[in-house]
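Structure first, commentary second.
The values are calculated or read from the model by the stated rules, or taken from the named source; none is laboratory data. Keep in mind the model is a prediction, meaning the values are calculated, not measured. Because the Cβ atoms are built from the backbone with ideal geometry, glycine has one as well, and the counts that use them run over all protein chains shown.
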Amino acid sequence: MSKQTLSTALARATELLASLGADARDEASWLVLRCLAIGRAALASEPERPVNDADWQRLESWAVRRAAGEPLAYLTGEREFWSLPLQVTPAVLVPRPETELLVERALACGDALQSQRTHPLRVLDLGTGSGAIALALAHERGTWEVTAIDRSSAALEIARANAARLDLGRVRFLLGDWFAPLVAERFDVIASNPPYVAADDPVLQGDSLRHEPYAALTPGADALAALRCIVEAAPVYLAPLGTLLLEHGHDQGPAVRALLVQRGFTHVVSHPDLAGRERVTRGSLPGDL
């Protein structure tokens, strides 16, 4: 009989995660639960339950990778977003809770526009990554026509797989850089969480980001480059009175509002996240229906 048990597995994982300090025990517990596919009650009530060699080796591997800063979602291959289980790999950013604000505002703006439209709402997600935003919108509004674009074929592979797993196959995925795959199309809502971290920002080398796809995090030296590109081109692809919504850095709200106003957008406003930081800014395209 194996001498490896839930108790010794938890102790080993905690040891390997010692560099995380006070969080080591909690993260070790989480890894044991996910790696061994057990419930928290079993971990507490069955400390002597045997752990086989394969599970033990996988747990050690996960703990070593996590100690090196690799996101938990890459270890398990999954992250929940908008209550949807999404597959994630190092080809895509790990979906973050703050991006749910972008979904929330897109739904609100879309609902307001839908009351003025006779056609199903047409929605575009730029830089879709894992498909998180597009799939959340499609899940919530079954009649909306959702298109998602990404320049990474590897990311689109993940997004399409997520759509299939969630039975959201009606979402259209296109490969290309921002609006490039589109020809003579207009959308009622355009939403994007583009790269907005400057290339020289030390945060990119921190444990929380250095394992994630670099190109999805930074547009280069100019942190606003991608945001500026989207704002400049968006009016060509927006229907009259259509809405553009952009996620951005917590200190970029004033700059993004200025970009929208300069491009002729109206009703420009920034929305705070739960911490009170401006995280999403939107603007409307003038025009008549």
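Of the conditions (1) assigned to a loop (DSSP other than H, G, I, E, B); (2) of a type in the set (Lys, Arg); (3) buried (at least 21 other Cβ atoms within 10 Å of the Cβ), ARG66 fails just one. Which one is it?
(1)
Across segment 73-94, which residue is nearest to ALA163 (Cα to Cα) among those that are of a type in the set (A, V, I, L, M, F, W, C) and touching a strand residue (DSSP E or B) at 6+ places or on another chain (Cβ under 8 Å)? Show your work before the answer.
Within segment 73-94, the first condition is being of a type in the set (A, V, I, L, M, F, W, C), and the residues that meet it are 73, 75, 81-82, 84, 86, 88, 91-94.
In the following step, the residues that additionally are touching a strand residue (DSSP E or B) at 6+ places or on another chain (Cβ under 8 Å) were identified as 73, 86, 88, 94.
Numbers: ALA73: 18, LEU86: 9, VAL88: 13, VAL94: 16 Å.
Applying the filter and picking the extreme gives LEU86.
Can you go through TRP62, TRP82, TRP30 and tell me which one is under 27 Å from the mean Cα position of the chain (by Cα), aromatic (Phe, Trp, Tyr) and modelled with pLDDT under 90? Even if it seems obvious, please write down each step before you answer.
Numbers: TRP62 fails: modelled with pLDDT under 90; TRP82 fails: modelled with pLDDT under 90.
Result of the check over TRP62, TRP82, TRP30: TRP30.
Consider THR99 carefully, then state whether it is buried (at least 21 other Cβ atoms within 10 Å of the Cβ) and of a type in the set (Ser, Thr, Tyr). Even if it seems obvious, please write down each step before you answer.
Values: buried (at least 21 other Cβ atoms within 10 Å of the Cβ): yes; of a type in the set (Ser, Thr, Tyr): yes.
Against the criterion (buried (at least 21 other Cβ atoms within 10 Å of the Cβ) and of a type in the set (Ser, Thr, Tyr)), THR99 qualifies.
Can you tell me which condition VAL197 does not meet? The list is (1) of a type in the set (Val, Ile, Thr); (2) over 20 Å from the mean Cα position of the chain (by Cα); (3) modelled with pLDDT under 95, and all the others hold.
Of the numbered conditions (1) of a type in the set (Val, Ile, Thr); (2) over 20 Å from the mean Cα position of the chain (by Cα); (3) modelled with pLDDT under 95, the odd one out for VAL197 is (2).
Looking only at residues in segment 130-142 that are modelled with pLDDT of 95 or more and part of a loop (DSSP other than H, G, I, E, B), which one is farthest from TYR237 (Cα to Cα)? Break it down into steps so the answer makes sense when it comes.
Step one: of segment 130-142, the residues modelled with pLDDT of 95 or more are 130-141.
Filter again for part of a loop (DSSP other than H, G, I, E, B), leaving 130-131, 141.
On the way: SER130: 23, GLY131: 20, ARG141: 21 Å.
Taking the candidates together, the pick is SER130.
May I ask you to list pairs of residues, at least six apart or on different chains, whose Cβ atoms are under 6 Å apart, with the first in segment 78-91 being not assigned by TED's automatic domain parsing to the domain that holds ILE158 and the second being acidic (Asp, Glu) and at pLDDT 95 or above?
TRP82/GLU100
Go through segment 69-122 and report how many residues are of a type in the set (A, V, I, L, M) and in a loop (DSSP other than H, G, I, E, B). Spell out how you get there, then give the answer.
Of the residues in segment 69-122, the ones of a type in the set (A, V, I, L, M) are 72-73, 75, 84, 86, 88, 91-94, 101-103, 106-108, 112-113, 121.
This time we only want the ones that are in a loop (DSSP other than H, G, I, E, B), so: 88, 91-94, 121.
Number satisfying all stated conditions: 6.
How many residues are touching a Phe, Trp or Tyr at 6+ places or on another chain (Cβ under 9 Å) and not in a loop (DSSP other than H, G, I, E, B) if we restrict to segment 262-289? Don't jump to the end; show me each part of the working.
Kept after step one, since they are touching a Phe, Trp or Tyr at 6+ places or on another chain (Cβ under 9 Å), are these residues of segment 262-289: 282-286.
Subset that is not in a loop (DSSP other than H, G, I, E, B): 282-284.
Residues meeting the conditions: 3.
What number of residues in segment 10-57 are without any contact (Cβ under 8 Å) to a residue 12 or more places away in the chain and either of a type in the set (S, T, N, Q) or in contact with a Pro (Cβ under 7 Å, 6 or more places away or on another chain) (or both)?
The total comes to 2.
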